[in-house]
Amino acid sequence: MLDRAIQQVLKPVLTRMARILVRAGVGADALSFIGFAIGMAAAVSIVFQHFMAGLVLLLCSRLMDGLDGAVARLTRPTDRGGFLDITLDFLFYAAIPLAFAVVDPAHNALPAAVLLASFIGTASSFLAFAIVAAKRALASTAFPDKSFYFLGGLTEATETIAAFVAMCLWPQWFAPIAYGFAALCAITTALRIGWGWQRFK
């Protein structure tokens, strides 16, 4: 819901940073791997209950995620890069709720499982729409710079990161945050199914 607006605000800053990285010879794929590694470090920090360290690493990981696309646009975007970016993103998104489940299985395992199940809905509807959109040569007007069709919803990357930040700031409230965000993900999935049903007649 907020991704397009946030990207417009951040784009000038990310582009300036990306130019420095391009001059230094840093490639987009390298940034994708670095961002993923930092994201996994965030999950490990959460497992050991270093929630503020996890929060900082989580945000650094997402900065790398923004920079890889900016660097790709300044050089040569590739299908491999787009594939790598979205795959590592989904692994990162799964790792954070899993980390909270490990911290306190008695209280967090079920809400983490519900949240991860809701992520299956948002991810599968997102990717399924993109596959059919590519087959029909449809282009996204909201995200024209992306490697494939980006379908929006109530819970995009910005909202997911906001939920993760809240979990790190208030880990004792993980369960209600997870259940609440899972409900929003369910709405997003339902909306995407409806959009696909109408669009792909």
| message | Where the second residue is surrounded by fewer than 18 Cβ atoms within 10 Å (Cβ to Cβ) and of a type in the set (Val, Ile, Thr) and the first is over 13 Å from LEU59 (Cβ atoms) and lies in the range 151-171, which pairs have Cβ atoms under 6 Å and are six or more apart or on separate chains? | response | LEU154/ILE187
| query | Taking the stated definitions as given, is ASP89 more than 22 Å from THR189 (Cβ to Cβ) and among the acidic types (Asp, Glu)? | reply | no
| request: Check off (1) surrounded by 15 or more Cβ atoms within 10 Å (Cβ to Cβ); (2) free of Cβ contacts under 8 Å to residues at least 40 places away in the same chain; (3) out of contact with any Phe, Trp or Tyr (no Cβ under 7 Å at 6 or more places or on another chain) for SER61 and give me the number that stays unchecked. | output: (3)
| Out of the residues in the range 21-78 that are among the basic types (Lys, Arg) and over 17 Å from PHE92 (Cα atoms), which is nearest to the chain's Cα centre (by Cα)? | ARG73
| query | Can you name every residue in the range 1-41 that is modelled with pLDDT under 80 and not in a helix (DSSP H, G or I)? | reply | MET1, LEU2
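The values are calculated or read from the model by the stated rules, or taken from the named source; none is laboratory data. These figures come from a predicted structure and were not determined experimentally. Glycine also receives a Cβ, built like all others from the backbone with ideal geometry; neighbour counts cover every protein chain displayed.
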